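Participant: Mind having a look at this structure? Questions to follow.
The values are calculated or read from the model by the stated rules, or taken from the named source; none is laboratory data. What you see is a predicted model, and the numbers here were worked out from it, not measured in a lab. Note that we place each Cβ from the backbone using ideal geometry, even for glycine, and neighbour counts take in every protein chain shown.
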Amino acid sequence: MKLRRIALQEFRKFRDPVVLDELSDGLNVIAGPNEAGKSTLAAAIRAAFLERYKTTKVADLAPWGMQGARPSVEIEFEHAGHGYLLRKSFLSRARCELLVDGGAERHEGEAAEQALATLLGFELPVKGHSRPEHGGIPGLLWIQQGEGQNLVEPAGHAQGHLREALTRLTGELTSAEGDYLYERVEAERAALRDARSGRPKGAYKEAEDACARAEQAAATLAAAKQALDADVDRLAALRRDHDKAQQEQPWLDMEQRAAQARARLVEIGRERDALAGLQRELLQADDTLALLHEQVERDQRDAAALQALQAQADAAAAELAPARAALERAQQSQQHAAARLAQGNAQVAAAQQAAQRQDCDEQIARLDQDLQRGQAAIAQAGQLADQVQALQRAALESSIDGKGLGALRELEQRVTQLQVRQRAGATRLQHRLAPGQGLQLDGTELTGEGEALVTDAAELRIPGMGVLRIEPGGSDLPAVRVALQEAGTERAALLGRLGVATLAEAEARAAAHEQARRDLDMARQHLRIQAPEGIEALRAAQAQGQARRGQLQTLRASLADTPAPLDLAQAQQQLRTTAAEAEHAAQAVAAARTALDTQQARAQLLQAQWAARQGEFAAAGRAEQREQRGARLVEARARRETLAQRCQAAQAALQAHQPELIEQDAQRFEQSARLVRDEQQRRHADMLQLQGKLEQAQAQGVGEQLLQAQADAQRLARRRDEFATRAQALDLLWQLLGERRAAATQRLLEPLARRLQHYVGLLFPGAQWRLDDALMPAALARGGVDDALQALSFGTREQLGVLARLAYADLLQQAGRPTLLVLDDTLVHADLGRRELMKRALYDAASRHQVLLFTCHGEAWQDMGVGIRGVP
Amino acid sequence: MIHLIHTADWQIGRQYGQFDTDDAAMLAEARYETVARIAALAAERRVDAVLVAGDVFDTQAVSDRSIRRLFDALAAYGGPWVLIAGNHDAALADSVWSRAHQLGCIGPNVHVPLRPGAIDLPELNLAVLAAPLTQRHTYDDTTAVFDALATAPGRLRVGLAHGSVSGRLPDTVDSANPIAADRAVRAQLDYLALGDWHGSLRVDARTWYAGTPEPDRFRANASGGVLDVRLPGGGAEPVVEAVPVGRYQWAHWTESLALASDAEALAHRLQGAGPDEVLRLELSGQLALGAWDTLQEAIARAAARTRALLLDTAALSLMPEAQDFAALGASGYVGEVAAQLQALQDDPAQAAAARQALRLLVQFQRERTEAP
């Protein structure tokens, strides 16, 4: 397909008609700055073919702000030997017209659009805008700005056409058929087998499970049947044994033998009794013998005892004399000890007395001292008391009313003050008279030198002259004088009350009182020290002491003055020792006496005993008895011997019978008989039980159930096997189909793979495309590493996107489809090196296809061997 | 002159796992019906007695209902029945027989000896020497006692036993329950009625197997009937007539197909299969697709008509031809796969899977082309 001319009108920025013509077969580079209208041209080509003329959604094709615009496109192109002219107008008065071969054919409206769609390989939208899924081959090969790197989607939308082209080229089975079968087989297989593990699933699994369950059930029933059979056999065995036992009755024989043994035992028992009897007799004989033996012995013992007794009595008697001697000795020593004791006592008494005397003296001396002291104390105390009294009197005398004293003081002060005032206010009269002269001041003679205060009106008589009246001028002198008078009287009164003449006296009295009081206190204190409880107490004590002394004196007088050789302690010590000795001696005496007494008693007793015994022993008849007893003993011995022999014989005979063994036999037989009988009983019980159980089991019909279960298992196994066979067949079919399909796909893809390889080799030598099942490029393999498309950089993806489209274009062309490539500002992200490589690819492709390359970098494409055109 | 019906091997309770549940149920049910038919036949022919030579039940521990049904089925004939225990239903300490006794469903005219001995039927002047099996596995000849068993003078002696006559049966290998071939002579029997072999078989003039009255397996051995036996007495040979009483006929067809005509012939034969037939069809060989389709249709029709049809085509290979593939639309690699499978059918290791796979391929392709 080759575009020859493009004409636009009222199309976006091209309000006025614009024509791009003389487009060449291969590469056409149309350069222009931004906003020159490059994309508008590309959009116009798209709209002309892909958009329905009637659509209202293409308002953006109209120039901005133009009302009633009629965007129109006219495209002249060639393909497969035919020339085409397409005219399309949008929006107002929309039209579409397609002329073929200069009018030989004419299509209008939808028919025209449909013809184009069929020719170029795209779809028209049912309504609205043309969307990517309608793009088909043009959608893939006409790269819009910034869409170069998107390959998968546009390729996907063109897939049908691509596949068709490939099929046409390779002549492979329309994979629709093979795919259908493959998918069908896969689906059928998936219904039976789990995708990952390959194990049965769905109906197959159910069949297997059901079969397993049925087999299990059958097995269980088989086991139950087996158990039942075993029980039946056991019943048969029991019955057999029971009947046999019932017939043979083995216990009878056993019991018989047991009875025999018992009888035998009875016999033996009798013999044993006899033996027992003999043994008893023997025992008796032994007893009698022993008794006699004892008696004879006793006689002998009696005789011996008698002799012994005699000896004892003699011995006892012999003992008496020494005992007596011992007693005497003891008594003597006791006397000595007593004497010493008395002595000691006397000594002690003397010492005691001496001590007492001494003690008395001491006491008296002390008492004297005390009395003396007491006396002194009393005297002193008396003194002190007098002192106290005197002081008291003095104090009393000198007592003076404190308050009064205070008032007096005040008064004095006041007086003094007043006097001062008076004097201050008073008139001073100093006189120096000649001798013999005299004045009279208010009657007072003034002579010589002196001073006189005139406090009041006064008359001064000067003999021979007259009288002068002086009146002091002090203002308040009268008041003061009155006050002074008052004070004076008051003072006098107070003095009178206080009983003193002057304040000084009063003070002196007060001081004296104070002193007296203090002295009194001190004296009292002394007194207290001296006599805490008072003199009377002291006196009383003194009296007591005196009395006491008197007592002691009398006591002393009564004590004799005997000397004492030893002091009390020594005497007492000695006394203790002697006392102990005396005690000891006394005890010895007592002991000796007791010994003697006992000895005496014993001797007497023994004597008496011996006498009695002797009497008895020698009594008549005793000797005879003794003799008799001796004879009987001999007789009894002999008898016993015979008995013993008989006993032994009988025992031996009994031994020979082996009664223990026979006893054991009897037991054994009895037990066996019992066991056999019990066994029979048990068998009977077991049989009944088993019969009951079997009846129940029979009622359940296990055998029938088992047959049914087995039949079911058989059926289910068949069903399972059917599934298994089917699964296997599907596996085989799937495997074979898969292999073939893969090979077919491989063959199908071969041309595409080759073309892609050709182009990618220009950019990445040695690299390989990896295609997926949908014929889409999926990954790039370089140096042994697969990079998924999405993992590559933007620029690389864009470049690969262009290259892939070039490959698709080659393919489509081979299959006879129209291939026009439009690159709108593509490859802007290619670096210099890559761009150079891409140029090679483009150049190569341009030798086969028409390429419209819109770019704003015209200078970059100057080395493509074609002229750079500008946007009109 | 004694007129007897001799039958055996009723195998009541047998289950048919190789058939579908419904068919199996019908076949199992048929066994009871046949017993009823025997009773009706006995009544109709006014026989003197019916002798059943063992294996009345197919197993021990049959359900009570089955036991009752069986004995109820005997009702039509009121004369004496003698049933003995076989190896499947041996008279053990506890067995179907003791159960039947417990259930009280054995009528007064039904004799079920549980020990070898003679059953005297004075009104018929007949003594039946019965040898029921009393063990689960019997290894000695139970009929040996017949030799010494005395019966009332003048009685006709008829033996009734269950086992395999040594050396007389088509495929017996060291069988259990042996029976001496000359027992009839040794025990001075007028007739020896035997059971265990499921086909009607004459051992000698006086020794016969009645076979099972209702076939129960695909072996072709003349089963499906009872024996009508007349004993003239006085040492004369018995007159034996085989009377079919079975409901269903079991047949086993093994066909090897090579040409289309073979398939056609088979299809034709199948058309003749009737509702009382139980058919097992074993096909081997190879068929073209078209012939296969035709045959399948014939088989389907036959399966609908017959009581049951078991089909085994594991050894049958499909051989689609070029036009078949074209018709299927199996072009390209699908065709190649089909060819591959066709070849694999000859490989014994993969034959089964390959055959099935090829059939599936054909089926899927057909469904595809038929579907819109």
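Participant: Can you tell me which condition B:Asp140 does not meet? The list is (1) exposed (fewer than 15 other Cβ atoms within 10 Å of the Cβ); (2) touching a Leu at 6+ places or on another chain (Cβ under 6 Å); (3) of a type in the set (Asp, Glu), and all the others hold.
Facilitator: Failed condition: (2).
Participant: Are there any strands (runs of 3 or more DSSP E) wholly within segment A:444-545 with 2 or more residues that are under 30 Å from A:Ser398 (Cβ atoms), and if so which?
Facilitator: Once the strands (runs of 3 or more DSSP E) in segment A:444-545 are filtered for at least 2 residues that are under 30 Å from A:Ser398 (Cβ atoms), nothing remains.
Participant: For B:Leu318, work out the one condition from (1) surrounded by 15 or more Cβ atoms within 10 Å (Cβ to Cβ); (2) modelled with pLDDT of 90 or more; (3) more than 9 Å from chain A (Cβ to nearest Cβ) it doesn't fulfil.
Facilitator: Here B:Leu318 meets the rest and fails (2).
Participant: Also, I was wondering about something else. Go through (1) buried (at least 17 other Cβ atoms within 10 Å of the Cβ); (2) within 14 Å of chain B (Cβ to nearest Cβ) one by one and return the number of the condition A:Gln334 breaks.
Facilitator: (2)
Participant: Out of curiosity, is A:Pro132 buried (at least 19 other Cβ atoms within 10 Å of the Cβ), at pLDDT 85 or above and away from chain B (no Cβ under 14 Å)? Walk me through it before giving the result.
Facilitator: On the way: buried (at least 19 other Cβ atoms within 10 Å of the Cβ): no; at pLDDT 85 or above: yes; away from chain B (no Cβ under 14 Å): yes.
Against the criterion (buried (at least 19 other Cβ atoms within 10 Å of the Cβ), at pLDDT 85 or above and away from chain B (no Cβ under 14 Å)), A:Pro132 does not qualify.
Participant: Tell me the residue from B:Asp312, B:Asp347 that is more than 30 Å from B:Pro215 (Cα to Cα) and surrounded by fewer than 15 Cβ atoms within 10 Å (Cβ to Cβ), please.
Facilitator: The unique qualifying residue is B:Asp347.
Participant: Does segment A:411-443 hold any residues that are surrounded by 14 or more Cβ atoms within 10 Å (Cβ to Cβ) and closer than 15 Å to A:Ala487 by Cβ, and which are they?
Facilitator: Answer for segment A:411-443, where residues must be surrounded by 14 or more Cβ atoms within 10 Å (Cβ to Cβ) and closer than 15 Å to A:Ala487 by Cβ: A:Leu411, A:Glu412, A:Arg414, A:Val415, A:Gln417, A:Leu418, A:Gln419, A:Arg421, A:Gln422, A:Arg423.
Participant: Right, B:Thr34: buried (at least 21 other Cβ atoms within 10 Å of the Cβ) and among the hydroxyl-bearing types (Ser, Thr, Tyr) or not? Don't jump to the end; show me each part of the working.
Facilitator: Numbers: buried (at least 21 other Cβ atoms within 10 Å of the Cβ): yes; among the hydroxyl-bearing types (Ser, Thr, Tyr): yes.
So B:Thr34 fits the description; yes.
Participant: On to the next question. Quick test for you: out of A:Arg719, A:Arg683, pick the one residue that is assigned to a helix (DSSP H, G or I), more than 11 Å from chain B (Cβ to nearest Cβ) and touching a residue at least 40 places away in the same chain (Cβ under 8 Å).
Facilitator: On the way: A:Arg719 fails: more than 11 Å from chain B (Cβ to nearest Cβ).
None of the others qualify; the one that does is A:Arg683.
Participant: So, in segment A:699-711, of the ones that are more than 7 Å from chain B (Cβ to nearest Cβ) and of a type outside the set (A, V, I, L, M), which residue ends up surrounded by the most Cβ atoms within 10 Å (Cβ to Cβ)?
Facilitator: Checking each candidate, the answer is A:Gln705.
Participant: Could you list, in sequence order, the residues of segment B:347-370 that are more than 7 Å from every other protein chain (Cβ to nearest Cβ), part of a helix (DSSP H, G or I) and under 35 Å from the mean Cα position of the chain (by Cα)?
Facilitator: B:Ala351, B:Arg355, B:Arg359
Participant: Next up: Can you pull out every residue in segment A:216-233 that is crowded, with 17+ Cβ neighbours inside 10 Å and either away from chain B (no Cβ under 14 Å) or over 56 Å from the mean Cα position of the chain (by Cα) (or both)?
Facilitator: Residues satisfying the conditions are A:Ala218, A:Leu221, A:Ala224, A:Lys225, A:Leu228, A:Asp229, A:Asp231, A:Val232.
Participant: So which pairs qualify, if the first residue must be in segment B:61-72 and within 7 Å of another protein chain (Cβ to nearest Cβ) and on the phi > 0 side of the Ramachandran plot, the second must be part of a loop (DSSP other than H, G, I, E, B) and crowded, with 21+ Cβ neighbours inside 10 Å, the Cβ gap must be under 9 Å, and the two must be at least 6 apart or on different chains?
Facilitator: As it stands, the answer is B:Ala61/A:Gly701; B:Ala61/B:Ser95, since those pairs meet every condition given.
Participant: Could you run through segment B:256-279 and say how many residues are under 22 Å from the mean Cα position of the chain (by Cα) and among the charged types (D, E, K, R)?
Facilitator: 2
Participant: Of all residues in segment A:59-91, which are in a loop (DSSP other than H, G, I, E, B), among the hydrophobic types (A, V, I, L, M, F, W, C) and buried (at least 19 other Cβ atoms within 10 Å of the Cβ)?
Facilitator: The answer is A:Ala62, A:Ala69, A:Phe90, A:Leu91.
Participant: Moving to a separate point now. Hand me the list of strands (runs of 3 or more DSSP E) wholly inside segment A:1-46 holding 2 or more residues that are surrounded by fewer than 20 Cβ atoms within 10 Å (Cβ to Cβ).
Facilitator: Values: elements: A:2-9, A:18-20, A:27-31.
It comes to A:2-9, A:18-20.
Participant: Residue under question is B:Gln296, and the condition is that it be within 30 Å of B:His3 (Cβ to Cβ) and not charged (D, E, K, R); does it hold?
Facilitator: So B:Gln296 fails the test.
Participant: Go through A:Leu265, A:Leu221 for me and flag whichever is touching a residue at least 60 places away in the same chain (Cβ under 8 Å), within 25 Å of B:Ser95 (Cα to Cα) and touching a helix residue (DSSP H, G or I) at 6+ places or on another chain (Cβ under 9 Å).
Facilitator: Checking each option against the conditions leaves just A:Leu221.
Participant: Further question on the same structure: Kindly indicate whether A:Gly121 is at pLDDT below 85 and on the phi > 0 side of the Ramachandran plot.
Facilitator: It is false that A:Gly121 is at pLDDT below 85 and on the phi > 0 side of the Ramachandran plot.
Participant: Restricting to segment B:283-331, give me the number of residues that are of a type in the set (A, V, I, L, M, F, W, C) and more than 30 Å from B:Met26 (Cβ to Cβ).
Facilitator: The number of residues fulfilling the criteria is 12.
Participant: Of the residues B:Leu309, B:Leu344, which is within 12 Å of another protein chain (Cβ to nearest Cβ), hydrophobic (A, V, I, L, M, F, W, C) and out of contact with any Phe, Trp or Tyr (no Cβ under 9 Å at 6 or more places or on another chain)?
Facilitator: B:Leu344
Participant: When only residues in segment A:234-245 that are in contact (Cβ under 8 Å) with a residue 24 or more places away in the chain and basic (Lys, Arg) count, which is nearest to the other protein chains (Cβ to nearest Cβ)?
Facilitator: Applying the filter and picking the extreme gives A:Arg239.
Participant: Take A:Glu750 and tell me if it is facing chain B (nearest Cβ under 9 Å) and loosely packed, with under 15 Cβ neighbours inside 10 Å.
Facilitator: Criteria not met by A:Glu750.
Participant: Given (1) surrounded by 15 or more Cβ atoms within 10 Å (Cβ to Cβ); (2) modelled with pLDDT under 85, identify the lone condition not met by A:Glu397.
Facilitator: (1)
Participant: Would you please name the residue that is surrounded by the fewest Cβ atoms within 10 Å (Cβ to Cβ), looking only at residues in segment A:734-747 that are of a type in the set (D, E, K, R) and within 7 Å of chain B (Cβ to nearest Cβ)?
Facilitator: Start the filter on segment A:734-747 by keeping residues that are of a type in the set (D, E, K, R), which leaves A:739-741, A:747.
Now drop any that are not within 7 Å of chain B (Cβ to nearest Cβ), which leaves A:740-741.
Numbers: A:Arg740: 20, A:Arg741: 23.
Here the residue is A:Arg740.
Participant: So, in segment A:1-40, of the ones that are out of contact with any Lys or Arg (no Cβ under 6 Å at 6 or more places or on another chain) and without any contact (Cβ under 8 Å) to a residue 60 or more places away in the chain, which residue ends up farthest from A:Gly102 (Cα to Cα)?
Facilitator: A:Glu35
For (1) outside any helix (DSSP H, G or I); (2) modelled with pLDDT under 90; (3) at the interface with chain B (Cβ under 8 Å from one of its Cβ atoms); (4) more than 60 Å from the chain's Cα centre (by Cα), each residue gets a yes or a no:
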| position | (1), (2), (3), (4) |
| --- | --- |
| A:Leu694 | no, yes, yes, yes |
| A:Ala697 | no, yes, yes, yes |
| A:Ala724 | no, no, no, yes |
| A:Leu732 | no, no, yes, yes |
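Participant: Can you tell me how many residues in segment B:198-225 are within 16 Å of B:Leu51 (Cβ to Cβ), touching an Asp or Glu at 6+ places or on another chain (Cβ under 9 Å) and either among the small types (Gly, Ala, Ser) or surrounded by fewer than 24 Cβ atoms within 10 Å (Cβ to Cβ) (or both)?
Facilitator: 3
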